[in-house]
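See structure below.
The values are calculated or read from the model by the stated rules, or taken from the named source; none is laboratory data. On a predicted model such as this, the values are computed, not experimentally measured, just so you know. When we count neighbours, we look across all protein chains shown, and the Cβ atoms used for this are built from the backbone with ideal geometry, even at glycine.
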Amino acid sequence: MSRAARWWLAVGWAAMLLLPWYALEDGLFSFVWLRDPWGEDAAPLIVQVLRHGRIWLAPLLLAFAVPLLFAFVLPPEGEARRRRAAIILMLCGALGLVWLFGQGFAIGARGLSWGWAKDLYGDFEGRQFGLGYGGMIVAVALLFLLTEGWARRGALRGDAFVLGSIGIVVATTILFVFLPVGLVLVGAARVEDGWSLLAVAKRVTSSDIWSLGCFVGATCGTFWKTLLLAVVVGALSTALGTAFALLAVRMGFRWQGALRLFALLPIITPPFVVGLAIILLVGRTGALTVLMDDWFGIPPTRWIYGFPGMALAQTLSFTPIAFLIMIGVVQGISPTMEEAALTLRASPARLFRTITLPLMRPGLANAFLVGVLESISDLGNPVILAGNYDVLSVQIYFALVGAQVDGGRAAGLAIVLLGLALAVFVLQAFWLGDRSYTTVAGKGDTGTHAPLPPAVRHAVYWTALPWIGITIAVYATIAFGGFVTNVGRDHSFTLSHFVDLFSIESGAGGLAWTGGAWKSLGTTLETALIAAPLTALLGLLIAYVLSRQVFAGKGAFEFITMLSFAIPGTVIGLSYIVAFNTPPVELTGTMAILVICFIFRDMPVGIRAGVAALSQIDRSLDESSLTLRHGGFATVRRVILPLIRPAIVAALVFGLVRAMTSLSAVIFLATARHNLSTTYIVAQIETARFGTAIAYSAALIAIMAALILAIQWLVGERRLGRRALQT
Amino acid sequence: MSTPAAVEFTNVSRRFGPVVAVDSISFRVEPGTLVTLLGPSGCGKTTTLRMIAGLEMPSDGAIRIGERDVTRVSAAERDVSMVFQSYALFPHMNVLENVGYGLAVSPMTAAQRDEKARAFLRKVGLEGYEKRQIGALSGGQQQRVALARALVLEPQVLLFDEPLSNLDAKLRRRMRDEIRDLQRELGITAVYVTHDQEEAMAVSDKIVVMKDGHIAQMGTPDELYEAPVDRFVADFIGGANLIDCEIAGVEGDTARVAVGGTTLSQPARGLRSGPATLAIRYAAVRLQAGGAGALTGTVRKATYLGSHREFTIDSPIGELFVIEPDLSNSLTVGAPVAITFRDRGLALVAR
Amino acid sequence: MRAFRAAGLIAGLTITVLASPAFAQGKLNMYCTANEEWCKVMANEFNKKTGIDIAFTRRGTGETYAMLKAEKDNPKGDIWWGGTGDPHLQAAEEKLTVKYEPAILKELHPWAKAQWDRSGGRTVGIYMGAIGFVYNKEVAAKKGVTPPACWADLLKPEFKGEIQMPNPHSSGTAYTTIATLVQLWGEDKAFEYLKQLHASINQYTKQGPAPGQAAARGETMIAITFLHDGAMSKRRGFPVEGVAPCEGTGYEIGSMSIIDGARNLANAKRYYDFALSVDGQRLADAGESYQAPSNRGTPPSPYSPDLSKIKLIDYDFAKYGSSAERRRLLARWDAELKVGAPK
């Protein structure tokens, strides 16, 4: 038996013997449970079985006892026996997991969960709560026993790390993405007196979704409106992100630092603040609108409410993500390939069209995919700016919480939304095809990049620089709003907003954090700092698994990882409440559920950036590391990670920033004790304290900017052993 | 230093979905020898090599390295290292870091690792290049770094996946000699994949010729050349004119072979009377100007190559390609020739 | 080493998170659907009075109702305080909340008690707010128009494209508006009016309070919204004024319910009593909320719209709160107005 298998057996036993099996009222680390460690609430599994009559937990002991038997009493000799031992390890892990969750769902806090089970065992008395540390650790140990056994049978080149990674990402994705989203989606089949597939068909094919009326003077269905917006935003943000990346990497642009800052700025702003700033700027009474009226007599209109406003706000919000994905890809393009093309008499324009652009495809495809998914799941901007332009996310939201609640309709719309996501996903995969985009090979690269053709240079300047102008205008408005009494009304300078939020007074008991924002800021920072590294870790791990390993059901798994990203956050939040409010996995009301929600909602950007980056790196690099005594883990750490540093930055930055600025997902998950900055800001906006809202946002922007710098410093630059760029 | 180990395949297959890349092959590589897997692209040679490395797992069968059954053992846990076609040098590390990479998991101190890496860089003639970036090396130098990186682990088995295919012809010849010398000097077991038969013959103790996932023939270079088992091997190793013939009779080990009106005596090699193929090496054909003799033909094409001449001859037994080392034999296109065969360079194979 | 440090940091933070306390006994968890300031004032005062550790989570009314449904197998909240009455009635209908009959009921205005009666004691009125128009004085002056005084005035040509109201599918405020007009004039006339009004509407916003905010910032001249929201904007210094329509208008009854399965039931009842008491009701002003209080002993805030000058209709909450009627009216609204079609 391998060392890892022994280790997980030991962990499993320790958890079953020592740790409280069920979740504790006061949490494990309050140590209140130590007062009565063998009582019904806090007892570990073995005591639960022996003393508290929870006999249905006993098979789990067996799952850990049998491998022990094979490890010590009947040590396997010879290949055939070793294989049998591996199979037994697999079976123990798999059956143990099935049993653990089966009994957890079957026996809940109010006894048996299912009607038929109650009929069968009418007099059954057992009750239990959500899994605690004991239960969770045992579940993890079982999972690793399963993958360990599997690896010993030679699956996936026998690399236990790779198989364990696949095990953990698949298991967690199923638990935290597929399960909650699935629970929402099955609602589409719910009718008043049961279930009906016909209802699904009706809800999904409803004419308000699909109508093509706009071609005949009426109005088009929501699907088409959503699609149009998503495609426009996806294309614009990808184009702008690429322009920024080319400007930063290939054109020797002088103000690199400023460029990166402004390219990233919109991502570090709560989206509704962008919407608000746009209204303050170009709304009917916006600063710019008034200016245009005064100077040129252009009468103020409400053009911003509807498609233009949403497209503007979303493009502003999502361009930074495209930039983060593209910058690594543009850097990764091999100069030698370009030089080779130049020596073949290609003109700069032809070179760009036939070599550079095609080599950027993985980046373009992934940036576009992310842009589309962001657009269709965005709720903040449409709610403020949509006007009468209806999109699916808004309809879903109001079908869930509006004046006419209809969960079935919401689920039907969500299915349509996911169908749209699936179509775009398939399209980008098809566009990428199975061509090779490898440009970081194990041969070093001595060339220097060819200059970009003049047309491209001009295009880049003329898109990126005006866009920076817009960004500056929007953020100047925000900064301005934080320091005046009432933006748009009373422009006298004041610091009172910041004082309200962040005052500190020194009193008798030392420093008193009297500002209103401290508590929510603390919680926000804490969740974000925990969630960001985990988000990046999981996202990149999944990217590695997806782009380097072959296993059955990979395509489906890849799509499932994006489900939670394509659905509006509010729906995810609500689905988390539905899925994790009852045993065996009871998380509502804890900070953990916030962290988990952030991780699984935001990891797709890490995945997409990772997939794009990995597609440029020659597989023989990992393989050579594997033959040089480095296992899967060491290879990832020493070869893969250093070569995909830009993707790590993208994943970390996005994970951090989203955890700090997301609103929709946390509406349902945040609680009184875990209140977040965004909910605080929204409350300010609702009570018309725009100055306070803007001041808080400005403070958040400053904090996030500092944290992004820290991330870049921590991760460092990627070295590709290339010559410096000459321009 | 680990002792060189044997590599043994027993009925190993590898399937990718419905495609059978390697179909139940068995062979043994003796310790300390260099064996080449040779064959056209798609014959399964690279898959076989990757199965030795642990980069592919066999669908069936067993693989042993030395005493150990490694069939299900992952690459990192095998005492094997590999030189890749693309070199697969790590672009984010310098030369020394690349060479020392595999030692990082050993119990050595950093200083010992550096010391050893430097020693092997010396062995491949790259002293003084330790701090260079990979991008700043020539193709040949990169190849040497890749070699040093694999050798420094002193593995039981060293694998080469078409290591020379990215080099020019002159450098290729020098590198292959260096590889052979190093392998002999270190007494290491090596498995080498190439599709270039000349390269294979130059470096190998033994060659395994593969075709469509099977082993066509395994033997020393001369065995393969002198006694190919079938048309494919005869043609692939050294190249040959494959001429239809008839075995008129077999006496002992000798067959009487009728070809185009002449009769030759050839080792029967297990063949019986009946139709067969005669593999005639290009250099085994002798041409004489003038049309007299049992077998005659006409020159269709003549090429002067400095070291030798090449002719294409139309003859009753079919088209013959001929290499003539005698530069004075200057036949012109259209000239009639008499055709005879030398003693060596002919082999009977099944049709 | 760098990785090591980062790992240590993550581990440390993880432990702190997981260690954070779960819900404990002897506390009170309030789902608050009024504005943040009011929630805070109520919670602080209650805590001062009773010593009970009260924590509140603020969400929209629709969101809280959805939350109650999602959590019904294992509720985490104890009391739901604030927000328009219809979702409270729906929750009562679905038995998501429980009956409670405090002695203080007799001190309430009849409309507040009526809410309690309708729901079988599962919810009670805590404040009342009337629907009206909020207009921006600066925009009106610039355009040189007289502000509207009646529903009928809104159809005047000078207000074309200057009126904003919420979309009744997403906002209870808008639905209440439609139901009000139906009760004022009968269904056919009401929809005839809405159809004509449609030409003057520049946007049906997604959220109920949005038109009022737009009016405050001058993005629209007139908003159809709750008058107390206008009062808040006015107090915040925006140039707005509220108008109660001369024909009469509808209203909402802000409500409070105790959640079924509350873990801190006794504390929830104490809060219930406190929220209806004269002292509890008086806190609306401090909470910057200008609805009319439901306890007869509590005077309204000086900033509140003067209810005595507002002509209120006899709003039939039972009929117009029912899902069937709601669905029917909204369907008719869709059919007759075709919002989203190009004008």
Fill in the blank from the handout: When every residue in the stretch A:1-33 that is over 34 Å from the mean Cα position of the chain (by Cα) and within 14 Å of chain C (Cβ to nearest Cβ) is compared, the one surrounded by the most Cβ atoms within 10 Å (Cβ to Cβ) is A:Trp33
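Restricting the search to the stretch A:556-588, which residues are assigned to a loop (DSSP other than H, G, I, E, B) and in contact with a Phe, Trp or Tyr (Cβ under 7 Å, 6 or more places away or on another chain)?
Taking the stretch A:556-588 first, the residues assigned to a loop (DSSP other than H, G, I, E, B) are A:567-568, A:580-588.
Residues satisfying the conditions are A:Pro568, A:Pro583, A:Pro584, A:Glu586, A:Leu587, A:Thr588.
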Completion exercise
Flagged in the stretch A:432-469 as within 30 Å of B:Gln85 (Cα to Cα), in contact with a Leu (Cβ under 9 Å, 6 or more places away or on another chain) and away from chain B (no Cβ under 14 Å), in numbering order, are A:Tyr437, A:Ala450
Exercise for the section: Among the residues of the stretch A:133-180, count how many are in contact with a Gly (Cβ under 9 Å, 6 or more places away or on another chain), within 30 Å of A:Phe31 (Cα to Cα) and either within 12 Å of chain B (Cβ to nearest Cβ) or small (Gly, Ala, Ser) (or both). Expected result: 3
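Is it the case that A:Ala672 is of a type outside the set (Asp, Glu) and facing another protein chain (nearest Cβ under 9 Å)?
Spelling it out, A:Ala672 is indeed of a type outside the set (Asp, Glu) and facing another protein chain (nearest Cβ under 9 Å).
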Practice task
Scan the stretch B:121-163 for residues that are in contact with an Asp or Glu (Cβ under 7 Å, 6 or more places away or on another chain) and in a loop (DSSP other than H, G, I, E, B) and report the count.
Solution key: 2
Completion exercise
Scanning the stretch B:77-99 residue by residue, those assigned to a loop (DSSP other than H, G, I, E, B) and more than 7 Å from chain A (Cβ to nearest Cβ) turn out to be B:Arg78, B:Asp79, B:Gln85, B:Met93
Exercise for the section: Inspect all residues belonging to the stretch B:131-145 and state whether any of them is of a type outside the set (Val, Ile, Thr), over 33 Å from the mean Cα position of the chain (by Cα) and either farther than 24 Å from B:Ile52 by Cβ or at the interface with chain A (Cβ under 10 Å from one of its Cβ atoms) (or both). Expected result: yes
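Out of C:Ile201, C:Ile258, which single residue is modelled with pLDDT of 95 or more and either on the phi < 0 side of the Ramachandran plot or of a type in the set (Lys, Arg) (or both)?
Values: C:Ile201 fails: modelled with pLDDT of 95 or more.
The conditions single out C:Ile258.
For the stretch B:64-76, which residues satisfy the criterion of being outside any loop (DSSP other than H, G, I, E, B) and not basic (Lys, Arg)? Step through it out loud before you land on a result.
Step one: list which residues in the stretch B:64-76 are outside any loop (DSSP other than H, G, I, E, B), which gives B:64-65, B:68-69, B:75-76.
Selection gives B:Ile65, B:Asp69, B:Ala75, B:Ala76.
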Handout entry: Of residues in the stretch C:269-313 being out of contact with any helix residue (DSSP H, G or I) (no Cβ under 6 Å at 6 or more places or on another chain) and free of Cβ contacts under 8 Å to residues at least 40 places away in the same chain, the one surrounded by the fewest Cβ atoms within 10 Å (Cβ to Cβ)
Key = C:Ser308
Handout entry: A:Leu24 vs. criteria modelled with pLDDT under 85, not in a helix (DSSP H, G or I) and not hydroxyl-bearing (Ser, Thr, Tyr)
Key = yes
Fill in the blank from the handout: Log entry, pairs with first residue in the stretch C:64-92 being more than 9 Å from chain A (Cβ to nearest Cβ), second being assigned to a helix (DSSP H, G or I) and modelled with pLDDT under 90, beta carbons closer than 6 Å, six or more apart or on different chains, reads C:Gly83/C:Thr61; C:Thr84/C:Thr61; C:Thr84/C:Gly172; C:Leu89/C:Gly321
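On the basis of being out of contact with any helix residue (DSSP H, G or I) (no Cβ under 9 Å at 6 or more places or on another chain), modelled with pLDDT of 80 or more and within 29 Å of A:Arg719 (Cα to Cα), does A:Pro358 make the cut? Walk me through how you get there before you give the answer.
Working: out of contact with any helix residue (DSSP H, G or I) (no Cβ under 9 Å at 6 or more places or on another chain): yes; modelled with pLDDT of 80 or more: yes; within 29 Å of A:Arg719 (Cα to Cα): yes.
The answer is yes for A:Pro358.
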Handout entry: Output for the stretch C:306-331, where each listed residue is farther than 22 Å from C:Val124 by Cα, assigned to a loop (DSSP other than H, G, I, E, B) and at pLDDT below 90
Key = C:Asp306
Exercise for the section: Select from the stretch C:220-237 the residues that are in contact with a strand residue (DSSP E or B) (Cβ under 8 Å, 6 or more places away or on another chain), in contact (Cβ under 8 Å) with a residue 24 or more places away in the chain and not polar (S, T, N, Q) and list them in ascending order. Expected result: C:Met221, C:Ile222, C:Ala223, C:Ile224, C:Phe226, C:Leu227, C:His228, C:Asp229, C:Gly230, C:Ala231, C:Lys234
Fill in the blank from the handout: Within the stretch C:154-180, residues being of a type in the set (D, E, K, R) and in contact (Cβ under 8 Å) with a residue 24 or more places away in the chain number 2
Exercise for the section: State all residues of the stretch A:612-654 that are over 22 Å from B:Gln85 (Cα atoms) and away from every other protein chain (no Cβ under 12 Å); if no residue qualifies, say none. Expected result: A:Ala612, A:Ala613, A:Pro646, A:Ala647, A:Val649, A:Ala650, A:Ala651, A:Val653, A:Phe654
Completion exercise
A:Thr448 passes all but one of the listed conditions (1) in a helix (DSSP H, G or I); (2) assigned by TED's automatic domain parsing to the domain that holds A:Leu281; (3) among the hydroxyl-bearing types (Ser, Thr, Tyr); the exception is number (1)
Problem - Residue that is surrounded by 19 or more Cβ atoms within 10 Å (Cβ to Cβ) and in a strand (DSSP E or B), where the choices are B:Thr46, B:Thr36, B:Thr10 - result: B:Thr36
